[in-house]
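Please read the structure below before turning to the comments.
Readers should treat all values here as calculations from the given coordinates under stated rules, not as data from a laboratory. Note that this is a predicted model, so its numbers are computed, not measured. A quick note on method: Cβ atoms are made from the backbone with ideal geometry, for glycine too, and the neighbour counts reach across all protein chains shown.
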Amino acid sequence: MFRRNVITSGVDLRAWFDAEFELQGVRFRGMGECTPCYWMDQAFGPGAEKALEGRGGLRAQILTDGVLRAGAAP
């Protein structure tokens with residue numbers, strides 16, 4: 001519903017802007033903030049865009065292939 005590939009908690013995504021990082025063996029480069037838009041209000045419910053302001057996430061370029069699995073990291 002959120003069109004996000006990875007949902008995290010307790011991570012400072014700003015530290016990953018213009019930096020390479022790895023999740024479950026897949027390498028990424030943080031490209032910048034992913035700001036929420038009006039679409040969130042339609043897809044999730046009224047007020048979603050406002051609630052996610054400043055917490056929209058990180059746009060990232062995929063650098064290597066691999067598989068990301070759902071669930072908590074080991």
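Details
- Rounded to two decimals, the Cα-based Rg/Rh of the stretch 24-69, with Kirkwood Rh, is 1.12.
- Here the stretch 1-43 is treated with +1 on each Lys and Arg Cβ and -1 on each Asp and Glu Cβ, and its dipole about the Cα centre works out to around 140 debye.
- Evaluated with a Cβ-only charge set (Lys, Arg +1; Asp, Glu -1), the chain carries a dipole of roughly 140 debye about its Cα centre, given to the nearest 20.
- Neighbour count of at most 15 Cβ within 10 Å plus DSSP loop: longest trypsin sites (Lys or Arg not before Pro)-free window in the chain: 5-54
- Between LEU68 and ALA43, the modelled label-to-label distance comes to 1.4 nm, taking each label 7 Å out from Cα in the direction of the beta carbon.
- Ordering ALA51, VAL6, LEU63 by the projection of their Cα atoms onto the charge dipole of the chain, which places +1 on the Cβ of Lys and Arg and -1 on the Cβ of Asp and Glu, puts VAL6 at the extreme positive end.
- Using C-alpha pairs below 8 Å separated by at least 6 residues, the relative contact order for the stretch 19-66 is 47 percent.
- Against the empirical curve 2.2 N^0.38 Å, the C-alpha radius of gyration of the stretch 1-54 lands at a ratio of 1.29.
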